[in-house]
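Input: a single structure, listed below in structure tokens.
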Amino acid sequence: MLAQLFEHARPLVEALFAQVNDGVTVQGPDFLLCFANPAAARLLGANSPEELLGRRGVPLLECFQVLDASGKPMSSDVLPGRQVLAGQRGTERVLRFRHSRTGQEQWCRLSAAPVRDAQGKVVYAVNVFQDVTEMVRTQERLSLLAEASELLSASLDLDSTLTATARLLVPRLGDWCAVDLADDASAARRVAVIHADPAKLELARKMSERYPDSAQSIGTIAHVMKTGQPHLTSHITDEMFVATAQDAEHLQLLRELSLRSIIVVPLKARERTLGTLTVATAESSRHLRTEELRLVEELARRVGLAVDNARLYAEAKRAQARHEVALEAGRMGAWEWDIPAGRVTWAPTLERIHGIPEGSFGGTFQDYQSDMHPEDRQQVLASIQHVVAQREPEHHIQYRIILPDGQVRWVEAHGRLTLDEQGQPSRLTGVCTDITQRLALEEDARRLVREQAARAEAERARQHTTELLESLRKTQAELAQRAQELARSNADLEQFAYVASHDLQEPLRMVASYVQLLSRRYKGKLDADADEFIRYAVDGATRMQALINDLLAYSRVGTRGKELVPVPLEKSLERALSHLRLTLQESGAELKVEPLPWVMGDETQLVQLLQNLVGNAIKFRGEHSPRIRVSTTREADTVTVAVEDNGIGIEPQYYERIFAIFQRLHAKEEYPGTGIGLSICKKIVERHGGRIWVESTPGQGSTFRFTLTAAEPQPA
Ligand code: ADP
């Protein structure tokens, strides 16, 4: 009956509800619709009300799908009309419908009311659909923004925050979400990429590996990063895939990913593009539009700020860490003295320098002075007083502190004075550095420099000594070589002199005997000239014999020398004097001999030595009769023998020369001689390991001295 009534009124009802914006349907007990207005058709994704009524052969439930908030299909039992028809109370619900034909989604507030017959039985359900899509979307956007804001401000760990934020957008906004950041000057770094399906993520990873150029969402990310302009492609077509693909495999991958639409927006802060936020749809078949672009832009603005903040924070943290490291490394600590309040504040590093636990510094000016070294306190306080009284801008002082464990450390305080508006000192702020180590290092450095200088000096001295030793060694070697050469040439010479004199003796003896014979036989028988010539010849021959004898004696010192043995010197002198007996008598010489010791010597040579010296003392006598004294002195093993006379003496410039062979100071007419006597003396003394020299006062006398080695007197 009711149905008849309704059919009767249908034209009027249709006309009436065609004007209404909300969707209205009337549903029978078989759940089929017997009425729908155009708004209902639009909201439920049908082309016309007729289609909804099933008249066009499309079953009602194939027009649309009921989805939950996350997009999952729900059972149609949740529809209020069905509940009303089942006798339940109709509830109002907000439901999400996806139109099967277009994939478009619609949010509706849906309510249902029962139509009962006379017996009160429900025969129809009247459904009213109100389009709340805009409202729901706005709400979604607001809550998304709120959640994102909360997330972004919750942590300063950039990467994890960005990943969480990207996760927020999937699947609410799209199927994909990615965040890329420009790292310094280098290429973008993908911080986060989110998709609900791990297989899809793997696919995306594979594509970015194989085709890095196209990895960044068909090249748009790099572009947005560069231009800072947002990008939206609402409908990605297969032609676009074909145009992008580098080869067949690439095309296949692109098609597998099957992106439908994409939004890439820049992440900006302080006019700089820091990265991009990408949202894309694929399998959900949703198409992103300007609305979503606005939302993503709004989100990106927040993300950009968060990135900037996180970077600034990280930078600040790094700077602070650097600062702390520098302070710690420099053993520095900050302090402040609030002058009017009398409060002193110390940073934890300063407490560490003072060896007290963190936070235990008392904070009064008294506390500040408490560990100052008593010897330095007066000076520090005077300096501070001066700075405050004179309004000195800078305070600088070094002093000692005594740590709780008794350790003494040096600190250096640098401070700056701040004045208040009235020009009164308000704060003294600065840093305090532990310079103990620095001072020790400086002292070490100074010590090192000193040591190095000393070492360098020692090294120079050592080098100098080495050089000296080296040159000494060279000189010695040269000397040794010279001596060797000299000895060799001396030996040669001696040999030559010996041979020559020895061999000359024979013919000379003959010449001498014959001229002497001539002289004896023919003297006075020839003329006067002949006598004179013969005399010259005899004279020359005699002198030559004397010379040769002397030369022979000289050369014999080296060649005929005997081994040195203990010799009583007195004996040698006696024998020498016995050889000179005649001369001594003739000259009337007065001889004084002191006791003489035993010496090491070659007796024959010692006799000759003494004979030559005493002989010279007689020969070179002056006007007075000669007085000769022979004496010795002893020092350790050395016996010095002196033969002293009162003769003519020798000028000092000749002290050396007279000991050389053939050197004489007088003509033979004045004092006869060959000039060999003293050379023989010298040679004998030297062979005995001693030396000979003369001291004299011309006109008063000479003393010849020579040294010998003492010997133990031998038993007779
Ligand atoms: P000679 O006696 O054959 O001249 P010597 O070699 O013995 O040669 O002496 C060299 C020179 O030294 C002598 O010519 C003499 O001038 C000087 N002389 C040596 N002994 C004395 C002396 N006792 N007093 C002064 N002059 C001396």
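Overview of results
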item	result
FRET E, pair Ser370, Asn309, Förster distance 41 Å, beta-carbon r, rounded to 0.05	0.40
Dipole magnitude of the chain, debye to nearest 20 (Cβ charges: Lys/Arg +1, Asp/Glu -1, about Cα centre)	820
Full-stretch length increase - Met74, Asp420 - with 0.36 nm per residue and alpha-carbon distance subtracted	117.3 nm
At most 13 other Cβ within 10 Å, DSSP loop - GluC sites (Glu not before Pro), the stretch 80-136	Glu92
Estimated translational D of the stretch 153-294 in µm²/s (Stokes, Kirkwood radius over Cα pairs; 10 °C; 1.306 mPa s)	104
Residue-wise HN-Hα coupling along the stretch 510-516, computed from phi with Karplus coefficients 6.51, -1.76, 1.60 (Hz; x: Gly, Pro)	5, 4, 4, 5, 6, 5, 5
Amide H partners (placed H, <5 Å) of His373, local residues excluded	Arg400, Ile401, Ile402
Percent RCO, i.e. relative contact order, over the stretch 69-179, from Cα pairs under 8 Å lying at least 6 residues apart	18
Residues with amide H under 5 Å from that of Phe64, placed H, sequence gap 5 or more	Ser100
Rounded, prolate or oblate (a/c below 1.5 giving rounded, otherwise prolate when a/b exceeds b/c) for the stretch 618-698 by Cα gyration tensor	oblate
Global geometry of the chain, whether rounded, prolate or oblate, following the gyration tensor of its Cα atoms and the 1.5 cut on a/c	prolate
Per-residue ³J(HN,Hα) for the stretch 190-195, Karplus 6.51 cos²θ - 1.76 cosθ + 1.60, θ = phi - 60°, Hz, x for Gly and Pro	7, 8, 8, 9, 10, 8
Cα-projected label distance for Thr475 with Arg116, points at 7 Å along beta-carbon direction, nm	14.7
Helix-only CD estimate at 222 nm, as mean residue ellipticity for the chain, using -39500 (n - 2.57) per DSSP H run (n ≥ 4)	-16000 deg cm²/dmol
Over the stretch 578-654, volume per residue of the alpha carbon convex hull, in Å³	113
Cross-link table Lys72/Lys200; Lys226/Lys317; Lys571/Lys683; Lys592/Lys619; Lys562/Lys592; Lys562/Lys619, entries beyond 25 Å C-alpha to C-alpha	Lys226/Lys317; Lys562/Lys592; Lys562/Lys619
Fraction in percent of alpha-carbon pairs per bin - 5 Å, the stretch 579-716	2, 10, 19, 24, 21, 14, 7, 2, 1, 0
Longest exposed-site-free window of the chain, the sites being trypsin sites (Lys or Arg not before Pro) in a DSSP loop that have at most 15 other C-beta atoms within 10 Å	122-269
Linear extension gain, Glu14 paired with Val388, 0.36 nm per residue minus alpha-carbon span	125.0 nm
Estimated translational D of the stretch 589-631 in µm²/s (Stokes, Kirkwood radius over Cα pairs; 20 °C; 1.002 mPa s)	185
Under Karplus coefficients 6.51, -1.76 and 1.60, residue-wise ³J(HN,Hα) of the stretch 543-553 in Hz, glycine/proline x	5, 5, 4, 4, 4, 5, 4, 4, 4, 5, 4
FRET efficiency estimate (nearest 0.05) - Cβ-Cβ, Glu467 to Lys525, R0 51 angstrom	0.05
P(r) tail fraction, the stretch 393-459 - alpha-carbon pairs more than 18 Å apart, %	60
Distance in nm between pseudo-label sites at His666 and Arg255 (7 Å out along the Cβ direction from Cα)	14.8
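The numbers here are math on the coordinates, done by the rules we state, and not lab data. Everything quoted here is computed from the prediction, not taken from an experiment. With ideal geometry, Cβ positions are generated from the backbone for all residues, glycine too; neighbour counts draw on all protein chains shown.
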